[in-house]
Amino acid sequence: MRIDKFLNAVNITKRRAVAEDMLEHKVVFINDQSVKKSKEVKVGDIIEIRYLERSDKFQVLQIPTTKSTPKSKMEEYVKRIENV
């Protein structure tokens, strides 16, 4: 699944447009590499979102098969591993 769709599907971002904007401004990294919105996400990848004053890191546990998932199921797909 593409990173822009993944961020939206697992509720890391509220809308796909927000995810695309973050990717365009190069604040999203997979395994410490800045990525484009077409980058495919794999199980085990570490996604980092670098905000101005902090960053959030998530480990991909599984890839959703649907376009969206309930917020209550977010922990099945990603595990927050660090808040800096």
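Any read-out appearing in this document is the output of simple, stated calculations on the displayed coordinates, not a laboratory observation. On a predicted model such as this, the values are computed, not experimentally measured, just so you know. Here Cβ is always computed from backbone atoms with ideal geometry, including for glycine, and neighbour counts include all displayed protein chains.
In loop segments of segment 1-58 as defined by DSSP, the chymotrypsin sites (Phe, Trp or Tyr not before Pro) with at most 12 further C-beta atoms inside 10 Å of their C-beta are Y51. Helical content alone sets the calculated 222 nm signal of the chain at -6000 deg cm²/dmol, taking -39,500 (n - 2.57) per DSSP H segment of four or more residues and averaging over every residue. Ignoring aspartates and glutamates fewer than eight residues from K39 along the same chain, the ones with Cα atoms less than 15 angstrom from its Cα are D4, E20, D21, E24, E48. Between the entries (i) 46, 23, 15; (ii) 42, 21, 21; (iii) 29, 24, 21, the label attached to Cα extents along the principal axes in Å calculated for this structure is (iii). Under the criterion of Cα pairs below 8 Å and six or more residues apart, the relative contact order for the chain equals 30 percent.
Checking the Cα-Cα distances for K37/K79; K5/K37; K36/K73 against a 19 Å cut-off, the pairs over it are K37/K79; K36/K73. Loop-located trypsin sites (Lys or Arg not before Pro) in segment 39-78 (DSSP state not H, G, I, E or B) with no more than 15 neighbouring Cβ atoms inside 10 Å: K42, R54, K67.
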